Amino acid sequence: TQGFTITPTSLVITGVLPTGFPGQAYAGTISASGGSGQYTFSATGLPAGLNISTAGRVSGTPQVPGTYSVQFSAVDTTSQLTGNTTLTLVIAGILNSGFLAPATVNTNYVLNLSSVGLGPSPTWVHS
């Protein structure tokens, strides 16, 4: 019988990145496994207004809606193992209907809608 040790060659990075909205506080977290448990994180491609702490917390106030491919990296501070992954982060557009004025039966009702981040020609659907 011969003993052996399996040593991981890279870290596995996972994350919970909820949908964010422009102008609203954002919080998400990534984590790593496969090393000693002491990791330092970094990211490239985060939307303007967001940053990542070395502990893996993504936070800030995003400014521009869109779908972002963010490259996350982690380093195990003990073994120096590294890991990389790309996660999708969505900053959704905002629909602003303003205030609804009182309606009168059998009278036309006008409601002005505006959007932020839905593109130059959004499709409006009502029900």
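With only alpha-carbon pairs counted, each pair once and no self-pairs, how large is the Kirkwood hydrodynamic radius of segment 1-40 in angstroms? All intermediate terms of the calculation are to be shown ahead of the outcome.
Values: mean 1/r = 0.0747 Å⁻¹.
For segment 1-40, inverting the mean 1/r across all distinct Cα pairs yields 13.4 Å.
Per-residue extension of 0.36 nm, minus the Cα-Cα distance of Ser31 and Ala103, leaves a gain of 20.8 nm for this segment. Subtracting the Cα-Cα distance of Gln71 and Thr14 from their residue separation scaled by 0.36 nm leaves 19.4 nm.
Report the calculated FRET efficiency for Gln63 and Leu111 (r = Cβ-Cβ distance, R0 = 22 Å), to the nearest 0.05.
That gives a FRET efficiency of 0.20.
What FRET efficiency comes out for Thr78 versus Thr1 if R0 is 25 angstrom and r is the Cβ-Cβ distance? Round to the nearest 0.05. Computed FRET efficiency for Thr78 and Thr1 comes out at 0.25.
A short reminder: the numbers here are calculations on the coordinates, not readings from a lab. Here the structure is a predicted model, which means the values were calculated and not measured. Note that each Cβ is placed from the backbone with ideal geometry, even for glycine, and that neighbours are counted across all protein chains shown.
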